[in-house]
Amino acid sequence: MTGDPGAFATYYPTLLRYVAVAVGLGILMYGLYRLLRLAGVKHEPATGFTLVVPWIVGFLIFVTFPIGLSLYLSFTEYNILWDRPKPLADPLFNYKRALSIRIVELPEGERPIQVLGTMEGETPETVRYREIGRFNWRGKEYVIGATDGYFLKGVWLTLRYAVLSVPLGMAGALGVALLLNQNVKGVGFWRTLYYLPAVLPAAAVALLWYWLFAPSSGLVNWLLSPIYRLLDMQPLGWFTDKSLVLPSFIIMGLWGIFGANTVILLAGLKNIPKDLYEAAAIDGAGTFTKFRHITIPMLSPALFYNLVTNTIAALTIFTQQAFIPTDRQDGWFVNWFIYNEAFNFGRMGYASALGWMLALLVILLTLLIFRSSAAWVFYEGARQEAGGA
Amino acid sequence: MKKSRHVLILTLLVVALLPLGAIVPAVAQEPVTLRITNWAGVEEAAEFQQIVDEVNANNTEFQIVYEPKPDDYYTQLQTQLAGGTAPDLFWLDQDHMAWAYDGVLLDISEYLANDDRDVANPEDYFPGVWQTVALNDGVFGLPWIAQPVVLYYNRDIFDAMGVEYPTADWTWDDFKAAAEALTTEEHYGFTLNGWPPIHMFIWSFGGEVISEDLQTSPIDTPEAIAGAQFYADMIYNPVCCPTEEVLAEEGFAEMFKAGRVAMFMGGAADDLDRVEGLNVGVSPVPKGVNGENVTFAWTAATVINAKTEHPDLAYEALIQLTEGIHNWKIVSPRVSQATVEHLVASEPRKEANAEAILAAVPYMRAFRIVPRFAEWSQIFWEDFQDPLFHGEDTAENLAADARILLEDVLGD
């Protein structure tokens, strides 16, 4: 027997499991239906509940269970290659490891690593404080150490990325939406064109930008080459120069933000009643006044939606960095950092703790945005219910 | 109506289960299926499939199904191992042999002890390569390649500059002097970018990065500092080598292929000696303080999943596959196969340089593999090599700090 000895023989266990799952779900659905009917539920609602069972089961197994498991793992020491996690003497160790900071005096001639020491308490491995900064106070030099400075650096990078890329992206998307809202010839083509980034795979887009930003053969540096020659400077190392890593990712991030945001804002613009503009024009309002006092308030629910979704997306950026290698010293986005801890360094427990901290950060910032919405988001329906205009 | 609906549901369930009856007896008569995976791309996978086919043709007890994973290999493999669906056999490069410490690889030392075939004889493997599978008091796979780093040189540039070709007798000082003499506005003498590994230079100068007992990282000894400093003095230094900006602009090996670099250290199997329009020679790397041409060996092994349901057959498959690979990949990691005839039979295109490659083989060394090797390597790069290459501190200071961190990893 040569060649493939039988893909069918190899995959039949998978096929068996597939059939078993289908049969199991069928039995569960049938049983639930009978149970509901016996409990006096009418045919229609009983059928409805029965038909959503596969999705509820899928949600419990593939969403709820992993979330719960990751919370449990965050209090353990676990390598994905191990059969089971090991309990930690201090269940909060993973969280403390990520956030512990120490400030100590640096005696003259001493090296920071010698004076900063290690994390106290019962730890599964030696965790050493590493220098993340220094300062002078009252004639003495102090060194700031962190047990995971790379994580803190990653959080700082991610926050800066979100703070810079989200407003820029939204402003750009608003500008494009305003242009696409004009009644010009071929507007359908332009709308399709500007939506394209939203449907292209993020991985393909990341690779495209990596090539565009390539130091030697990239299109960006080729376009800038006259300026380089004029100023007698070396081409910029977009993803390789430490100071350009963040700007490069921001420029790349704007591409993806335009597509979906523009469509949502365009829909919002279409929903603004024309009579508002007409009334304002009769009152002598100019273009900017109409934009400031009609367009922005009426568009604020769409802007709010974009702000929330874009902030969450920016804080959880992953794919772009997975395809564009940068040095950890220059900062890794938090999600990429978590992935590496889990799969490259075998610290799934620690990665789970970092994941939960990122989730809390995202929730916190989202709540802040929600709390701020009362001050700037205009809900016409709510106003009418309250008896307003 | 109600009854007919029940009959319909039951019929559907029976129909869904029908394939089980058809499958189970059929499978029972088949030989055991073993799965193997590796990172091979299209061409390499097609060649590997031929070896698998030959093994399958000679066996009735098992048949091997090959599942190449050219992308994101280690993430996929880890996920499969965690989910209990990993193949019976798989490839690991030396960096990932640290998985042996996590209990996911089968210890084959007992099998080897009872097997008198040459391919199963640990004594027939070069010790510098065997150490990557002989871990944790066991043996966790068989190396299938041992590719020493050799020195490729562009004869035309040497001739034009009147510099004599490299030989195995060159010292590192000879090498450095030649690299500087070969550097002009048109070309550089040599190139470095973190490759070849700095470990090789430290070994050659008499130092170590991980001690033999795997307990210390003595990178702050005078010998280790000398090796690291030699590397740091050359890398990105326009006196002999391209700067970081030039490398970013023109590529690394690409510069050698374009005739912009006179000497390049690459793996013995690389295609650098058959670039069209280039007249390339091969030599062992310069000799170190103990008179040996110590070089780095890139190696990888085929290993068995500790959870395989058929360990005996998986071992047999491992032996037969490894024998096949040793006649395919160069350089074979076996002492008995370190001959010009064997090397040329495996890769005829290396005939002209086979002797130079084999001269490098006795002195090759792979990494010493420790638990948490990935973390150790990351620290070694971030806290020692990278800042050293960029002149952020002296080699002595960096080595002293990095040693503390590296030994934290080794000591846990």
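Read the figures in this text as sums done on the coordinates, not as results from a lab. The model shown is predicted, which means the values in this text are computed figures rather than measured ones. As a convention, Cβ positions derive from the backbone with ideal geometry for all residues, glycine included, and neighbour counts pool all protein chains shown.
Per the Debye calculation on the range A:152-223 with a single equal scatterer at every Cα and no solvent contribution, log₁₀ I(q)/I(0) for q = 0.17, 0.18, 0.24, 0.27 Å⁻¹ amounts to -0.97, -1.03, -1.10, -1.08.
Remark: the B:R349-B:V275 segment gains 25.5 nm on full extension, using 0.36 nm per residue and subtracting the alpha carbon distance. Axis angle, to the nearest 10 degrees, between helix B:73-83 and the longest C-alpha principal axis of chain B: 40 degrees. Calculated mean residue ellipticity at 222 nm for the protein assembly as shown: -16500 deg cm²/dmol, from DSSP H runs with n ≥ 4 weighted as -39500 (n - 2.57), summed, divided by the residue count and rounded to 500.
For chain B, the longest principal axis of the alpha carbon atoms and the long axis of helix B:2-28 meet at an angle near 60°. Among the residues of A:332-345, the average count of other protein chain beta-carbon atoms within 10 Å of the residue beta-carbon is 2. In the range A:101-147, the C-alpha radius of gyration followed by the widest Cα-Cα span (Dmax) gives 11.3, 38 angstrom.
A cut-off of 5 Å between modelled amide H atoms, ignoring neighbours fewer than 5 places along the same chain, links B:T33 with B:Q63.
What number, in percent, do you get for the relative contact order of the range A:268-389 if the mean sequence gap of Cα pairs under 8 Å and at least 6 apart is divided by its residue count? Taking the mean separation of contacting Cα pairs over the length of the range A:268-389, I get 28 percent. If you line up the long axis of helix B:172-181 against the longest principal axis of chain B, both from Cα atoms, how many degrees apart are they, to the nearest 10? Taking the Cα atoms of chain B, the angle to B:172-181 is about 70 degrees. If R0 equals 51 Å, the separation of the Cβ atoms of A:F62 and B:M161 corresponds to a calculated FRET efficiency of about 0.20. P(r) tail for the protein assembly as shown, what percent of Cα pairs lie past 46 Å? So the portion of pairs separated by more than 46 Å is 38 percent. Given their separation in residues at 0.36 nm each and the Cα-Cα distance between them, A:L152 and A:D327 gain 61.5 nm when the chain is fully extended.
Close amide H partners of B:W298, meaning residues 5 or more places away or on another chain with modelled amide H under 5 Å apart, are B:Q147, B:V149.
Rounded to the nearest 20, the size of the Cβ-charge dipole of the range A:137-229 about its Cα centre is 200 debye, with Lys and Arg at +1 and Asp and Glu at -1. Remark: spin-label model distance B:D213-B:A113 equals 2.5 nm, labels positioned 7 Å along the Cα→Cβ axis.
In this simple spin-label model, placing a label point 7 Å from the Cα along the Cα-to-Cβ direction at both A:A267 and B:A258 gives a separation of 4.9 nm.
Under the convention that each Lys and Arg Cβ holds +1 and each Asp and Glu Cβ holds -1, the size of the dipole of chain A around its Cα centre is about 600 debye. Arranged from fewest to most other beta-carbon atoms within 10 Å of their beta carbon, B:E47, B:E375, B:E407 become B:E47, B:E407, B:E375. With θ taken as phi - 60° and the Karplus curve 6.51 cos²θ - 1.76 cosθ + 1.60 applied, the whole-hertz 3J(HN,Hα) list for the range A:152-164 is 4, 4, x, 5, 5, 4, 5, 5, 4, 4, 5, 5, 8 Hz, x standing for glycine and proline. Which FRET efficiency value, to the nearest 0.05, do you get for B:D93 and B:E123 by plugging their Cβ-Cβ distance into 1/(1 + (r/R0)^6) with R0 = 30 Å? Once the sixth-power term is evaluated, E becomes 0.80.
Normalised by 2.2 N^0.38 Å, where N is the number of residues, the alpha-carbon radius of gyration of chain B equals 1.16.
Among B:207-214, B:226-233, the peptide with the highest mean count of other Cβ atoms within 10 Å heads the list, and the full ranking is B:226-233, B:207-214.
Using the average count of surrounding beta-carbon atoms within 10 Å as a protection proxy, the listed peptides B:131-137, A:349-355 rank, highest first, as A:349-355, B:131-137. Out of A:V52, A:V334, A:V199, any idea which swings most in a Gaussian network model of chain A, alpha carbons joined below 10 Å? Fluctuation is largest for A:V52. Rounded to a whole number, what is D in µm²/s for the range A:7-73 from Stokes-Einstein with the Kirkwood radius over alpha-carbon pairs (37 °C, 0.692 mPa s)? Roughly 234 µm²/s, to the nearest whole number. Packing, taken as the mean count of other beta carbons within 10 Å per residue, orders the peptides B:308-316, A:41-49, B:194-202 from highest to lowest as B:194-202, B:308-316, A:41-49. With a cut-off of 8 Å between alpha carbons and a minimum separation of six or more residues, what is the relative contact order of chain A in percent? Across chain A, relative contact order equals 20 percent. Projected label points at A:R111 and A:Q182, each 7 Å from Cα along the beta carbon direction, are separated by 6.4 nanometres.
Across peptide A:75-83, the average count of Cβ atoms from other chains found within 10 Å of a residue's Cβ is 4.
Would you please give the FRET efficiency between B:H390 and A:Y277, computed as 1/(1 + (r/R0)^6) with r the Cβ-Cβ distance and R0 = 51 Å, to the nearest 0.05? E(calc), rounded to 0.05, equals 0.30.
Here's how it looks for B:A262: its modeled amide H is under 5 Å from those of B:Y188, B:G189, B:F190, which are all 5 or more places away or on a different chain.
Summarising the strand pairing of the protein assembly as shown, around 80 percent of its internal DSSP beta bridges are antiparallel.
Contact order, relative form, for the range A:101-147: 45 percent (alpha carbon pairs under 8 Å, 6 or more residues apart, mean separation divided by residue count). A straight chain from A:V21 to A:M233 at 0.36 nm per residue would run longer than the Cα-Cα distance by 70.0 nm. Averaged over peptide A:15-26, the number of partner chain Cβ atoms lying within 10 Å of each residue's Cβ comes to 3.
When the Cα positions of A:A162, A:I56, A:L32 are compared along the charge dipole of the range A:26-176, A:L32 comes out farthest toward the positive end, with charges on each C-beta of Lys, Arg, Asp and Glu.
Enumerate the lysines that A:K185 could reach by cross-link, defined here as Cα to Cα under 17 Å, with residues fewer than 8 away along the same chain left out. In chain and number order, there are no partners.
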